[in-house]
Structures are given as C-alpha cells and as structure tokens.
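Below is one structure, written out as structure tokens; comments come after it.
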C-alpha cells in the first residue's frame, strides 16, 4: 500500500519566524547602520497583502521561473524602501540584496522533533512530499537544514503557479505522488492547509490547532506518531 504525507514547511516543520519584513529591515540596517527606522516602521511601510500567498484567488503561472518570481516580490521590497524615502537608486540596490538575506539557512529553525518525526514516519512506510506556499529555492533550504533527504518531491507554489488553498496545487501534488492509496496533508494553517486539503478530497492533520475541518489535530508534531494512521 502506497502511503504519502504532504507537508507544509513554515510553521509546521519550522518555527513561524518572520522572514520577509525582518530581512528587508536587516538589509537596510546593514547598509545604513545609523538610520533610525525601526522594524515596526518598516512593516507599516510594506504593503504585504500583495505577496502571492496573500492573494491565492489569483494564479501566478506567468512567474513560475525563479528570476520572474523574485522580480515580482522584489517590487514589494523596492516599494517599501521608497515609502521610507530611500532614494530610488538606493532602493533598487537594497532590493537586490534582500533575496540573499532571505535565503540564509539560519533564518529557518526546525522544531526540536521535526527530524525525529520525519524519520519515524519514514520507517513506518510513509513517503513525504513537501507542499508549500514558498519561494523557488525551498528544496535547497531544506537540504541546508537537514530535512531534504526525507522528501521525494517538493511542490512549491512559486514553481507551480498556484497558492494553497487553491485546489490546483493539491491536484498537482496528487498527480506527482501517483495518487497514493493513503494521503494526508499536514500543516498549521487552518485555511491554506486544512480547508485546502479538504476541498481537494484529502485528509488532513492540523498541527498546533484544532480545526473542525481536519481529520486529526495535534498539539505538536510528535503527537502524529500516536495517531491511528
């Protein structure tokens, strides 16, 4: 019997640390260490509701290449700097530095039980596939933090063109998984992960919450090992 677990990444396997505004601010402080712009001020200047995952009702098929995807989100970073009265040429230069800042492996902290749970489930015969609303380089980041070896495939919204909870990304994941006999989506977001999976006909496990739409709910990852899967 083929058994597959679809996994969310941020907030499920890793701590939900702020990534985008923190690194836009980090670059600003590195380049202008004497500026008095706080992280809260920068966040107030960022129109973060236009990130792709904030508008899942749209498709992003036109930016499925890494260069195009980063150009798209880079416009958000650039506008943030402009909103803070950074000169246009400097805003553009700072924007080019944000991508590298975001893709530093130390931005991503695994939960203490992530590797143990992935390993235990693998030994029980489960295959793992990542299904994440994320940047194109997620597979490399997963390798850098030591979990890529557990995953057969990485289904990343930036490369697929659809964001969870869109049914299309779950349908694509099922196709890539070759329509396994058993499949669960594991995630912390009650909408993107749990309702999205439900609408695609996939059972789910809600981590850190208790969604009525989930098949199971777990306070922590290690609780998955107690479920009758």
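For the structure I just gave you, tell me whether residue 195 is under 17 Å from the mean Cα position of the chain (by Cα), on the phi < 0 side of the Ramachandran plot, at pLDDT 95 or above and surrounded by fewer than 20 Cβ atoms within 10 Å (Cβ to Cβ). Against the criterion (under 17 Å from the mean Cα position of the chain (by Cα), on the phi < 0 side of the Ramachandran plot, at pLDDT 95 or above and surrounded by fewer than 20 Cβ atoms within 10 Å (Cβ to Cβ)), residue 195 qualifies. Answer yes if at least one residue in segment 31-43 is farther than 30 Å from residue 123 by Cβ, part of a loop (DSSP other than H, G, I, E, B) and either under 15 Å from the mean Cα position of the chain (by Cα) or not assigned by TED's automatic domain parsing to the domain that holds residue 77 (or both), and no otherwise. No, there is no match, as no residue in segment 31-43 is farther than 30 Å from residue 123 by Cβ, part of a loop (DSSP other than H, G, I, E, B) and either under 15 Å from the mean Cα position of the chain (by Cα) or not assigned by TED's automatic domain parsing to the domain that holds residue 77 (or both).
Results for (1) within 29 Å of residue 203 (Cα to Cα); (2) in a helix (DSSP H, G or I); (3) modelled with pLDDT under 95; (4) in contact with a helix residue (DSSP H, G or I) (Cβ under 8 Å, 6 or more places away or on another chain), shown as yes or no for each residue.
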{"residue": "6", "(1), (2), (3), (4)": "yes, no, no, yes"}
{"residue": "21", "(1), (2), (3), (4)": "no, yes, no, yes"}
{"residue": "26", "(1), (2), (3), (4)": "no, yes, no, yes"}
{"residue": "53", "(1), (2), (3), (4)": "yes, yes, no, yes"}
{"residue": "56", "(1), (2), (3), (4)": "yes, no, no, yes"}
{"residue": "62", "(1), (2), (3), (4)": "no, yes, no, yes"}
{"residue": "78", "(1), (2), (3), (4)": "no, yes, no, yes"}
{"residue": "112", "(1), (2), (3), (4)": "yes, no, no, no"}
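You will find that of 5, 28, the residue that is surrounded by 18 or more Cβ atoms within 10 Å (Cβ to Cβ) and touching a strand residue (DSSP E or B) at 6+ places or on another chain (Cβ under 7 Å) is 5 and no other. Taking first residues from segment 35-63 that are without any contact (Cβ under 8 Å) to a residue 40 or more places away in the chain and partners that are outside any loop (DSSP other than H, G, I, E, B), the Cβ contacts under 6 Å between residues at least 6 apart in sequence or on separate chains come to 39/25; 43/21; 45/80; 45/83; 46/21; 46/80. Just one of the numbered conditions (1) over 23 Å from residue 59 (Cβ atoms); (2) more than 17 Å from the chain's Cα centre (by Cα) is not true of residue 177: (1).
Residue-by-condition table, conditions (1) surrounded by fewer than 16 Cβ atoms within 10 Å (Cβ to Cβ); (2) assigned by TED's automatic domain parsing to the domain that holds residue 176; (3) part of a loop (DSSP other than H, G, I, E, B):
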site: 86; (1), (2), (3): no, no, yes
site: 91; (1), (2), (3): no, no, no
site: 94; (1), (2), (3): no, no, no
site: 99; (1), (2), (3): no, no, no
site: 115; (1), (2), (3): no, yes, no
site: 118; (1), (2), (3): no, yes, no
site: 131; (1), (2), (3): no, yes, no
site: 134; (1), (2), (3): no, yes, yes
site: 142; (1), (2), (3): no, yes, no
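Could you say whether any residue in segment 14-25 is surrounded by fewer than 19 Cβ atoms within 10 Å (Cβ to Cβ) and under 30 Å from residue 180 (Cβ atoms)? There is at least one residue in segment 14-25 that is surrounded by fewer than 19 Cβ atoms within 10 Å (Cβ to Cβ) and under 30 Å from residue 180 (Cβ atoms).
The values are calculated or read from the model by the stated rules, or taken from the named source; none is laboratory data. No experiment lies behind these values; they were computed from the predicted model shown. Please note: Cβ atoms are built from the backbone with ideal geometry, for glycine as well, and neighbour counts cover all protein chains shown.
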